[in-house]
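One structure is given here, and the rest of the page talks about it.
The values are calculated or read from the model by the stated rules, or taken from the named source; none is laboratory data. Note that the structure is predicted; figures quoted are calculated from it, not measured. Ideal geometry is used to build each Cβ from the backbone, glycine not excepted, and the neighbour counts take in all protein chains shown. Only protein heavy atoms, including side chains, enter the accessible area calculation; ligands, DNA and RNA are left aside. Shrake-Rupley method; radii C 1.70, N 1.55, O 1.52, S 1.80 Å.
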Amino acid sequence: MQCERMIFPNERPVHTPWGVADYAREYAEGIVFYGTPSHGGFKLSAERMAQMHPALREKDGWFEEDCAWAKVAFAFRECFTGEQQEAAIRTLKDWCPDEYEAVTGETLAPGDSHIKDQRLFHECHAQDWVVISAIRSDQHSGMVECIATLGGKRGQWGKPDSAERRYLVPDAEYDRRGEFGFVIDPDRHALCDGPTVADATIARRAAS
C-alpha cells in the first residue's frame, strides 16, 4: 500500500541526487520515492537492494524516475499496480534491454526494444552517410540541406565532426525519415557545395 507523506522543514532533510527532497512516498518498507522540484526517484534500503537481481541494481541505491524506476517496479511487483507493472516492463524492454534479458532469459526481437532497434540501425548503417543536422533550404526550393557523417557519428564538443558531407534532400522525402535517422543515398541525393542557409543569413545581416 502506498502512503504519501510530506517532508516538513523540522524533519531531517533527505538529500537526493537531484537536490533536497520536498516529499516522500513510501511504497513498502525500504522502498521510498523521493521527489524534488526538478526530478525524483526511488531510494532502496540495503536489504531491498540485496533482494534484487544483480542486473537491476543501481550502485548507489537511487533509481531515477524516467527509466530506472522500472527496475524497482519489476523487482517488487507486489508493491505496484497492474498498470504500473505493465509500464515497467515496457520501459525495461525499450530502455534497459540488456538488464531485462539478463533477468528474464528472453531475447528481445527487432521491434521489441527502442535501444536494441537503435543499435541495429547504427550497426547496419555504420558505413553509410547518416544525417546529423538538417535545415530547410532557402537557396534550393523544396529541398533540405543535410549534414551527414559516416554512421551518423558526431564529433566531440567543441570539435568539428570528421568527414562531414552536405547533401540536398527533397523535403517531402526527408519528412518521411525513420525514427533513428535519415540515410543518404549518394546515387540520388546530390552533394551541396554552394553557400549554406547559415552563410546566406550571415551575408544578409552583414548587408543590412
List the residue pairs whose Cβ atoms are under 8 Å apart, where the first residue sits in the stretch 65-87 and is more than 15 Å from L44 (Cβ to Cβ), the second is open to solvent by 40 Å² or more (accessible area, probe 1.4 Å), and the two are 6 or more positions apart or on different chains.
C67/W95; Q85/R77
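Among the residues of the stretch 76-89, are any over 30 Å from R48 (Cα atoms), surrounded by fewer than 19 Cβ atoms within 10 Å (Cβ to Cβ) and out of contact with any helix residue (DSSP H, G or I) (no Cβ under 6 Å at 6 or more places or on another chain)?
Taking the stretch 76-89 and keeping what is over 30 Å from R48 (Cα atoms), we get none.
No, that holds for no residue.
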S133 - would you say it is hydroxyl-bearing (S, T, Y) and in contact (Cβ under 8 Å) with a residue 24 or more places away in the chain?
no
Within the stretch 165-184, considering residues that are among the basic types (K, R) and part of a strand (DSSP E or B), the one surrounded by the most Cβ atoms within 10 Å (Cβ to Cβ)
R165
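Taking the conditions exactly as written (of a type in the set (A, V, I, L, M, F, W, C), under 16 Å from Y174 (Cα atoms), part of a strand (DSSP E or B) and under 20 Å from the mean Cα position of the chain (by Cα)), does I132 satisfy them or not? Talk me through it step by step, then tell me what you get.
Values: of a type in the set (A, V, I, L, M, F, W, C): yes; under 16 Å from Y174 (Cα atoms): yes; part of a strand (DSSP E or B): yes; under 20 Å from the mean Cα position of the chain (by Cα): yes.
Yes.
Just give me the residues in the stretch 26-72 being part of a helix (DSSP H, G or I), under 15 Å from Y100 (Cβ atoms) and either open to solvent by less than 40 Å² (accessible area, probe 1.4 Å) or touching a Gly at 6+ places or on another chain (Cβ under 9 Å) (or both), in sequence order.
Within the stretch 26-72, A55, L56, W69, A70, K71, V72 meet the criteria.
On the basis of being open to solvent by 20 Å² or more (accessible area, probe 1.4 Å), in contact (Cβ under 8 Å) with a residue 40 or more places away in the chain and in contact with a helix residue (DSSP H, G or I) (Cβ under 8 Å, 6 or more places away or on another chain), does D94 make the cut? Outline the logic, then answer.
Numbers: open to solvent by 20 Å² or more (accessible area, probe 1.4 Å): yes; in contact (Cβ under 8 Å) with a residue 40 or more places away in the chain: no; in contact with a helix residue (DSSP H, G or I) (Cβ under 8 Å, 6 or more places away or on another chain): yes.
Spelling it out, it is not the case that D94 is open to solvent by 20 Å² or more (accessible area, probe 1.4 Å), in contact (Cβ under 8 Å) with a residue 40 or more places away in the chain and in contact with a helix residue (DSSP H, G or I) (Cβ under 8 Å, 6 or more places away or on another chain).
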Given the conditions (1) without any contact (Cβ under 8 Å) to a residue 40 or more places away in the chain; (2) acidic (D, E); (3) open to solvent by less than 60 Å² (accessible area, probe 1.4 Å), and given that E99 satisfies all but one, which numbered condition is not satisfied?
(1)
Among residues of the stretch 109-161 being among the acidic types (D, E) and modelled with pLDDT under 95, the residue surrounded by the most Cβ atoms within 10 Å (Cβ to Cβ) is D161
